[in-house]
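Every number here is computed from the coordinates shown, using simple stated rules; none is lab data. Since the structure is predicted, the reported quantities are computational estimates derived from the model, not experimental observations. Cβ sites come from the backbone with ideal geometry, for glycine too, and all protein chains shown count toward neighbours.
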Amino acid sequence: MKVHFIAIGGSAMHNLALALHHKGYQVTGSDDTIFEPSKSRLLKEGLLPDEFGWYPEKITSDLDAIVLGMHAKQDNPELLKAQELGLKIYSYPEFLYEQAKDKTRVVIGGSHGKTTITSMILHVMHYHDRDVDYMVGAQLEGFDVMVKLTNDNDFIVLEGDEYLSSPIDRRPKFHLYKPNIALLSGIAWDHINVFPTYENYVEQFSIFVDSIVQGGSINYNEEDPEVKRVVEASENPIRKLAYHTPEYSVEDGQTLLETPEGDLPIEVFGKHNLNNLAGAKWICQHMGIDEDDFYEAISTFKGASKRLEKIAESSQSVAYKDFAHSPSKVEATTQAVKEQYKDRIVVACLELHTYSSLNAEFLKEYKGALDAADIAVVFYSPHAVEIKKLKEVSHQQIAEAFERDDLIIYTNSEDFKSYLFSQDYNNKALLLMSSGNYGGLDFDEVKDLIS
């Protein structure tokens, strides 16, 4: 099968391209720019385009499928040529569904926790040598790729993203997978540029629950009132199975999970991660892993890349980086670090980087998000606000949004770095939260601060 990727360099897109290549498909692609690590990974497999740019002559009538990435625009020259030739054009999730339609589809949805839960499930399967197909949004220890597709595996585990499918398909990705087994972890308004109202955003999760195949099942976090309401209101004839945060304790910086066999030391921490673990356990049981085997495997799970990832530690200090950027994630992550390190001063640094977080109207959602931190720092770039064509955001608006009198605010990356590198981290826990890099922060240099 010959497949061409328009915008092959994206994180998700290049992983799908690699998966199809490994499956024996003929894969080609184009993009106007490709960053690392996509660039090196495509080059290694011989899939990196010879030149960056869009070339309609690459689109020929013998192609079996076009996969269209979100990075492409509606007037993309290759897309227009494919439409002119009447070729079959798939969005990323549509093509994944085509590959998965004869398998048992396990889809993990939710505004937060989905990458971690999917990663936990895959870690447990890998630990017990259970081979499954998958798509996950982070690089995992022990896994070479983020997408795996075979002809033989019975199960496919999919991280169910609510973001849009393609420039010509405005449906959320997770509406297209038609799960047999689903999970819903939480609902907290995000992607304000796509879902302008809270009600519109929540509606996408109702559609997801209704898309589960008849006779299928959904595990849902009953501690999230919106999740509970959405799932229990659905008239879809499916099994509805609630889960909640298990009992646990923290002793000397070590989280212990209560199990029928006694307290189990685990690597991950924080109430939100224990809640994620409970959801993952249910799904693994649906997939044939019994409780004891789940606990044995999960005790060795260290977390997904950039999700409360420990980057440095000494006897007196520790540093974590986390992808958290939405208000609910920031709050949960900050609380988790404070709970784990009760006797240390927690320094929480948040970069406001996404479209939503830099939107003056959305900022009020951050009220209380950094309250658990002893020292709270916010960095944002006025230039990023300009690039995103948003209204100017002032120091005062940031301060009022977080409702914290001692909030430290930086708008210049060098000033932020000077602050960061001038601190004494003895008896402190440093938490860096961002989906960006604070205007060019070298995280390897941060590691040197912790000694």
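If each residue of separation counts as 0.36 nm, what is the full-extension length gain between Asn151 and His128 once their alpha-carbon separation is subtracted?
Net length gain for the segment: 6.2 nm.
Sort Val213, Val227 so that the residue with the fewest other Cβ atoms within 10 Å of its own Cβ comes first and the one with the most comes last.
Ascending number of Cβ neighbours within 10 Å: Val213, Val227.
Which cross-chain or sequence-distant (5 or more) residues have an amide H under 5 Å from the amide H of Tyr320, H modelled 1.01 Å from N in plane?
Long-range HN contacts for Tyr320: Ile311, Leu430, Leu431, Leu432.
Given a Förster distance of 22 Å, report the FRET efficiency between Ser314 and Ser418 from their Cβ-Cβ distance, rounded to the nearest 0.05.
About 0.50, to the nearest 0.05.
Please report Rg over Rh for region 69-205, where both radii come from the alpha carbon positions and Rh follows the Kirkwood definition.
Reported Rg/Rh, Kirkwood definition of Rh: 1.00.
Explain nothing, just the number: relative contact order of region 95-298, from Cα pairs under 8 Å at least 6 residues apart, as a whole percent.
In percent, rounded to a whole number, it is 21.
According to a simple spin-label model (label point 7 Å from Cα along Cα-to-Cβ), what is the distance in nm between Glu261 and Leu241?
Distance between label points: 2.0 nm.
Pop a pseudo-label 7 angstrom from the Cα along the beta-carbon direction at both Glu223 and Lys73 and give the gap in nm to one decimal.
My value for the distance between the label points is 4.5 nm.
Please give the net charge around Ile117, taking every other residue with its beta carbon less than 11 angstrom from that of Ile117, where Lys and Arg add +1 and Asp and Glu add -1.
With Lys, Arg at +1 and Asp, Glu at -1, the neighbours total +2.
What order do you get for Val446, Val136 when you list them from fewest to most C-beta neighbours inside 10 Å?
Val446, Val136
Please give the peptides 147-156, 320-329, 180-189, 53-62 ranked by average Cβ packing (other Cβ atoms within 10 Å per residue), highest first, as a rough proxy for protection.
180-189, 320-329, 147-156, 53-62
Go through region 306-313 residue by residue and turn each phi into a ³J(HN,Hα) via Karplus (6.51, -1.76, 1.60, θ = phi - 60°); whole Hz please, and just put x for glycine and proline.
Couplings: 6, 9, 6, 8, 6, 9, 6, 7 Hz.
Across region 178-191, in residue order, what do the Karplus-derived ³J(HN,Hα) couplings come to in whole Hz, using 6.51 cos²θ - 1.76 cosθ + 1.60 with θ = phi - 60° and x for Gly and Pro?
My calculation for region 178-191 gives 6, x, 8, 10, 10, 9, 10, 8, x, 10, 9, 3, 8, 6 Hz in order.
Starting from the Cα of Arg171, step 7 Å toward the Cβ, then list every residue of region 211-237 with an amide N under 12 Å from that point.
211-212
What's the whole-number percent of alpha carbon pairs in the chain lying beyond 27 angstrom?
56 percent
Considering only C-alpha atoms, what is the centroid distance from region 147-200 to region 317-349, in Å?
Here the two parts' Cα centres lie 27 Å apart.
Distance from the Cα centre of region 19-87 to that of region 376-451, in angstrom?
Using only Cα atoms to place each centre, the spacing works out to 37 Å.
Consider a paramagnetic label point 7 Å from the Cα of Asp406 along Cα→Cβ; state which residues of region 324-364 have an amide N under 19 Å from it.
Answer for this model: 331, 334-350.
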